[in-house]
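Student: Structure incoming, see below.
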Amino acid sequence: MTSDSPNPRRQGPADPNDTAGGPTVSRILLGTQLRRLREASGISREAAGAHIRASHAKISRLELGRVGFKERDIEDLLTLYGVTDAGEREGLLGLVTQANVRGWWSQDSDLLPAWFEMYLRLEQEARVIRTYQVQFVPGLLQSPEYAREVILAGHRTEPEHEIDRRVQLRIDRQKMLSEPGAPQFWAVIDEAALSRPFGSPAIMRGQVEHLLEMSLMPNVSIQVLPFRLGSHAAAGGPFTILRFAQPDLPDVVYLEQLNSAVYLEKRTDVEQYLAVIETVSMQAETPVRSRTLLRNLLKQF
């Protein structure tokens, strides 16, 4: 991730325990420190890559915190950047171990494209998650039966046991909402997602009942954007905004595509999406009125 700091000074933490958060936060913080050190030293990504026998693209991924770190590479880069203080080196190298901790989904990583695994890492670290969805109920709010139908729509040729693994992966992912320190999850769901059937009427009824149940959680807010509204601020399509507790980490906008994803971090881009989610949240039904709308939907199934 990038930082908007106008003064790229050396400011690596002296003690890795001073950085709150999990492996993704450690990756991002270490990457940010490496970028600041490189820029302060006047060294290009190409030169840094050549120093560790890699490409400038790898340096970019390291600085964005999107790949794991090899301790030898970090040691070589710190030497190149002129970091000789033992305490500073120890603090930064201490982040390497934290950054390389495997995610809970590692046993099923063969099911996940790299671009979505990165999203899971960010989702696990977020303190606030805000999303607008138009085609599906958000994955964190899907019932097991509905999730299976959504997954089948894109993986019909896979054997049943692989579908079972994908469904279980999605259900395991949802556990974060009920764990200590769970993020605030705020979903605006287009009425189209609730009216488009995935599976039988019984499955859709179960999904709406699941939404009603989830909406009772203190950290979950669900709003429905009704058809009657017509045009609205989020007409550009679905998106998710993640916010983190650490002040060094900027908000991230996640845009999922058919076989890839875009992560926006520039302040101007993020602010545009923040404005959209604020506006569409005001246009949508309130959480209380959304519960009434959901109860009325149950009569249709």
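The values are calculated or read from the model by the stated rules, or taken from the named source; none is laboratory data. Source: prediction; values computed, not measured. Every residue, glycine as well, gets a Cβ built from its backbone with ideal geometry; the counts of neighbours run over all protein chains shown. These area figures cover heavy atoms from the full protein model, side chains too; ligands, DNA and RNA do not enter into them. Shrake-Rupley method; radii C 1.70, N 1.55, O 1.52, S 1.80 Å.
Student: Roll a 1.4 Å probe over the protein chains and send me the accessible area per residue for the chain in Å².
Tutor: On a per-residue basis, the chain sits at 48 Å².
Student: Moving on to the next point. Running a GNM on the chain with Cα contacts under 10 Å, which residue among Asn100, Asn219, Asn259 ends up with the highest mean-square fluctuation?
Tutor: Of Asn100, Asn219, Asn259, the Gaussian network model singles out Asn259 as fluctuating most.
Student: Can you list the trypsin sites (Lys or Arg not before Pro) in region 94-155 that are in a DSSP coil and have 10 or fewer other beta carbons within 10 angstrom?
Tutor: Filter output for region 94-155: Arg102.
Student: Now a separate question. In whole Hz and in residue order, list the ³J(HN,Hα) couplings for region 273-289 that follow from phi through the Karplus curve 6.51 cos²θ - 1.76 cosθ + 1.60, θ = phi - 60°; x for Gly and Pro.
Tutor: 6, 4, 5, 5, 5, 5, 5, 5, 5, 6, 6, 6, 5, 5, x, 5, 5
Student: In nm, what is the difference between 0.36 nm times the number of residues separating Val101 and Thr279 and their Cα-Cα distance?
Tutor: Taking 0.36 nm per residue and subtracting the Cα distance, the gain is 60.3 nm.
Student: Here's another thing I want to ask about it. Please identify the chymotrypsin sites (Phe, Trp or Tyr not before Pro) of region 79-112 that satisfy two criteria: DSSP loop assignment and at most 15 other Cβ atoms within 10 Å. Which are they?
Tutor: Taking region 79-112 and a limit of 15 other Cβ atoms within 10 Å, the loop chymotrypsin sites (Phe, Trp or Tyr not before Pro) found are Trp104.
Student: Could you please report the charge total around Gly103, scoring K, R as +1 and D, E as -1 over all other residues with beta-carbon less than 15 angstrom from its beta-carbon?
Tutor: Net charge around Gly103: 0.
Student: Which order do Lys70, Lys58, Lys299 take by accessible area at a 1.4 Å probe, largest first?
Tutor: Lys299, Lys70, Lys58
Student: Another question about this same structure. I need the Kirkwood Rh of region 11-138: take the reciprocal of the average 1/r across all distinct C-alpha pairs and report it in angstrom.
Tutor: Result for region 11-138 stands at 15.7 Å.
Student: Over region 77-181, how many percent of alpha carbon pairs lie in each 10 Å bin up to the one with the longest distance?
Tutor: Over region 77-181, the share of Cα pairs per 10 Å bin runs 11, 35, 27, 14, 10, 3 percent.
Student: Take His161, His51, His232 and sort them by solvent-accessible surface of the protein heavy atoms, 1.4 Å probe, largest at the top.
Tutor: Accessible-area ranking of His161, His51, His232, largest first: His161, His51, His232.
Student: Here is a follow-up. If you take the square roots of the eigenvalues of the alpha-carbon gyration tensor of region 228-301 and sort them as a ≥ b ≥ c, do you get rounded (a/c under 1.5), prolate (a/b over b/c) or oblate?
Tutor: It is prolate, given that a/c is not under 1.5 and a/b is the larger ratio.
Student: If you don't mind, there's one more thing I want to ask. For a quick check, take a GNM of the chain with Cα springs below 10 Å and name the residue from Thr79, Thr157, Thr268 with the largest mean-square fluctuation.
Tutor: Of Thr79, Thr157, Thr268, the Gaussian network model singles out Thr157 as fluctuating most.
Student: Specify the residue with the greatest mean-square fluctuation among Pro183, Pro138, Pro247, computed from a Gaussian network of the chain linking alpha-carbon atoms under 10 Å apart.
Tutor: Pro247
Student: Ser55 versus Thr157, label points 7 Å from Cα toward the beta carbon: distance in nm?
Tutor: Output for this residue pair reads 2.8 nm.
Student: How would Thr84, Thr279 rank on accessible area, largest to smallest, probe 1.4 Å?
Tutor: Correct descending sequence by accessible area is Thr84, Thr279.
Student: To the nearest 20 debye, what charge dipole does region 77-159 have about its Cα centre, counting +1 at the Cβ of each Lys and Arg and -1 at the Cβ of each Asp and Glu?
Tutor: 180 debye
Student: Using only Cα atoms, find the angle between the long axis of helix 86-99 and the longest principal axis of the chain, and express it within 0 to 90 degrees, rounded to the nearest 10.
Tutor: Value to nearest ten degrees: 30.
Student: Match the structure shown to one of the listed values (1) 32; (2) 35; (3) 23 of percent of Cα pairs over 33 Å apart, computed from it, and give that label.
Tutor: Among (1) 32; (2) 35; (3) 23, the one derived from this structure is (1).
Student: Right, here's the next one. Please tell me the relative contact order of region 143-301 in percent, rounded to the nearest whole number, where contacts are Cα pairs under 8 Å and at least six residues apart.
Tutor: It rounds to 23 percent for region 143-301.
Student: Right, here's the next one. Could you pull out the GluC sites (Glu not before Pro) across region 74-126 that fall in loop regions by DSSP (anything but H, G, I, E, B) with no more than 14 other Cβ atoms inside 10 Å?
Tutor: Of the GluC sites (Glu not before Pro), not one in the loops of region 74-126 has a Cβ with at most 14 other Cβ atoms within 10 Å.
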